[in-house]
Amino acid sequence: MRVNRRTSVLVAGAAIGALTLSACSGGSGGDGGGSGSSGGGDSASEVEVFTWWAAGSEKAGLDALVAVFDEQHPDTEFVNGAVAGGAGSAAKDLLQSRLQANDPPDTFQAHAGMELLDYINAGQLEDVSDLYDEFDLREAFPSDLVERLTHEGNIYSIPSNIHRANVLWSNPSVLEENGVDPNAEYASLDDWFADLETLQEAGVTPLSVATAWTQVHLLETILLADLGPDAYNGLWDGTTDWEGAEVTAALEDFETAMSYTNGDRDGLDWPEATQLVIDGNAAFNVMGDWAVAAFEEQGKEFGTDFNAAPVPGTDGVFDFLADSFTLPVGAPNGGGAHAWLETVASLEGQTAFNAAKGSIPARTDADPADFSEYQQTAIESFGQDTIVSSLAHGAATPVSTLNAVTDATSKFTSGASDLSTFQSELASAAAAG
């Protein structure tokens, strides 16, 4: 039996047209078996897996998953369709152009939740509910996760992991050297801001942040801290008034948090912002728990060289996102896609992938002992905390809403709009979604 790997990593910078998602010719077959109802096929000879996992811990996770796939499906050739650059934006642009041209990959990575809505409405995804039955995923995944993945009775992706967004990372040495308790537990943002002020007065960058999407990430955690989980959820279901006083106060706190950040933020992406904390050039960073791999890859020990805790004011809440894989309508190798989704869903695949990537399995039967100390805390929290959906990572809103929120945030943090305008633009973005 052969094991072939053909790699075709596409680099950002190629001419990629910004195309709007629209329906492919033909409808969703909904059979979940990879038949490719719009010109696809059942071939299992290969599978093109389209992701933005082209570097760092993301690539390490993909490589670990591929190793399990090769063992489970040695007769199916893995074709790496990873697109590098732009924290996934380049991949999403290219994916749109391919779907528009009826040239889908066999499967593609997407954030589970509302990010998939545009693809669903455009008729570009197969319903994979049957695979949940075939792979016994309704028993393996938490029931509330399955509910979050279900849209109008159908399921359109299989999650490979669970990430937590509301994590505050810190460098204990920097804190201690500048008169801040490295083990402080912040009950509120105000308590945290007091220590950020102390650090700033000491000449230390209190809080590292990067380009616009990381600023939206910070914004969502502050909204969550100030509003609480119910009102935060209400931002996305219409029961919380975006123009209300509570949101105004949260945006004021966001403005305060941004005042403690690094001046070069717009020229960085998340790895560089995290590196500032690792190197002792910043005290704190708010980022999802994919950041744990960046610390551990450089030999840093959790609890000694770095700490992680819920963002102040969000203890007991798990701000959720998940990477997932889909079955596009017209997938040329439906059998290969079926094989890949089987590995993604499997205990072996999820264990290998998440151990390398820093996330935790979506499956509840994974052994916590197979994961790092930080990941064990995340597994425990996911099992007992209140779950909410991430804005910045596609779980809470459609892509169009997130894009509008990102544009409004970028204008505000760059000084191109004031707080009142910012709040109005956020309200308009949510209403349009």
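The set of residues in segment 225-264 being among the polar types (S, T, N, Q), within 22 Å of residue 207 (Cα to Cα) and part of a loop (DSSP other than H, G, I, E, B) consists of 259, 262. If you check 400, 359, 410, 389 for being in contact (Cβ under 8 Å) with a residue 40 or more places away in the chain, under 18 Å from the mean Cα position of the chain (by Cα) and surrounded by fewer than 18 Cβ atoms within 10 Å (Cβ to Cβ), only one passes: 400.
Checked against (1) open to solvent by 20 Å² or more (accessible area, probe 1.4 Å); (2) touching a residue at least 40 places away in the same chain (Cβ under 8 Å), residue 428 passes all but a single condition, namely (2). Within segment 362-373, if we keep just the residues that are open to solvent by 10 Å² or more (accessible area, probe 1.4 Å) and touching a residue at least 60 places away in the same chain (Cβ under 8 Å), the residue that is farthest from residue 137 (Cα to Cα) turns out to be 373. Just to be sure before I move on: is residue 277 within 25 Å of residue 111 (Cα to Cα), open to solvent by less than 20 Å² (accessible area, probe 1.4 Å) and of a type in the set (Val, Ile, Thr) in the structure I sent? Against the criterion (within 25 Å of residue 111 (Cα to Cα), open to solvent by less than 20 Å² (accessible area, probe 1.4 Å) and of a type in the set (Val, Ile, Thr)), residue 277 does not qualify. For residue 231, the conditions (1) closer than 23 Å to residue 410 by Cβ; (2) open to solvent by 10 Å² or more (accessible area, probe 1.4 Å) are fulfilled apart from (1). Just one of the listed residues (245, 212) is more than 17 Å from residue 310 (Cβ to Cβ), free of Cβ contacts under 8 Å to residues at least 60 places away in the same chain and of a type in the set (A, V, I, L, M), namely 245.
Look at residue 302 and say whether it is crowded, with 21+ Cβ neighbours inside 10 Å, of a type outside the set (A, V, I, L, M) and farther than 20 Å from residue 392 by Cα.
Answer is no for this residue.
In segment 93-113, of all residues being assigned to a helix (DSSP H, G or I) and touching a residue at least 60 places away in the same chain (Cβ under 8 Å), the one that is surrounded by the most Cβ atoms within 10 Å (Cβ to Cβ) corresponds to 99. Checking 68, 49 one by one, the residue that is at pLDDT 90 or above, in contact with a Ser or Thr (Cβ under 6 Å, 6 or more places away or on another chain) and assigned to a helix (DSSP H, G or I) is 68 and no other. As a summary of the residue check, residue 248 satisfies the conditions (1) polar (S, T, N, Q); (2) within 30 Å of residue 363 (Cβ to Cβ); (3) out of contact with any Pro (no Cβ under 9 Å at 6 or more places or on another chain) except for the one numbered (2). Among the residues examined, residue 13 qualifies as open to solvent by 40 Å² or more (accessible area, probe 1.4 Å), farther than 22 Å from residue 134 by Cα, modelled with pLDDT under 95 and small (Gly, Ala, Ser).
The set of residues in segment 114-173 being in contact (Cβ under 8 Å) with a residue 24 or more places away in the chain and β-branched (Val, Ile, Thr) consists of 120, 128, 155, 158, 162, 167.
For the criterion of being surrounded by fewer than 22 Cβ atoms within 10 Å (Cβ to Cβ) and part of a strand (DSSP E or B), residue 309 passes. Is it the case that residue 218 is within 27 Å of residue 149 (Cα to Cα), under 22 Å from the mean Cα position of the chain (by Cα) and either of a type outside the set (Lys, Arg) or open to solvent by less than 20 Å² (accessible area, probe 1.4 Å) (or both)? Against the criterion (within 27 Å of residue 149 (Cα to Cα), under 22 Å from the mean Cα position of the chain (by Cα) and either of a type outside the set (Lys, Arg) or open to solvent by less than 20 Å² (accessible area, probe 1.4 Å) (or both)), residue 218 qualifies.
For segment 311-336, a tally of residues being more than 30 Å from residue 74 (Cα to Cα) and in contact with a Ser or Thr (Cβ under 8 Å, 6 or more places away or on another chain) returns 10. Residue count for segment 71-86, restricted to those that are in a loop (DSSP other than H, G, I, E, B) and either among the acidic types (Asp, Glu) or farther than 15 Å from residue 45 by Cα (or both): 4. In segment 280-297 there is no residue that is assigned to a loop (DSSP other than H, G, I, E, B), out of contact with any Gly (no Cβ under 9 Å at 6 or more places or on another chain), open to solvent by 40 Å² or more (accessible area, probe 1.4 Å) and free of Cβ contacts under 8 Å to residues at least 40 places away in the same chain. Taking segment 343-378 only, how many residues are hydrophobic (A, V, I, L, M, F, W, C), part of a helix (DSSP H, G or I), out of contact with any Pro (no Cβ under 9 Å at 6 or more places or on another chain) and at pLDDT 95 or above? Adding up the residues that qualify gives 3.
The values are calculated or read from the model by the stated rules, or taken from the named source; none is laboratory data. Given the structure is predicted, the values throughout are model-derived calculations rather than measurements. Using ideal geometry, Cβ is built from the backbone for each residue, glycine included, and neighbour counts are taken over all protein chains shown. Note: accessible area is taken over every heavy atom of the protein model, side chains too, but ligands, DNA and RNA are not part of it. Shrake-Rupley method; radii C 1.70, N 1.55, O 1.52, S 1.80 Å.
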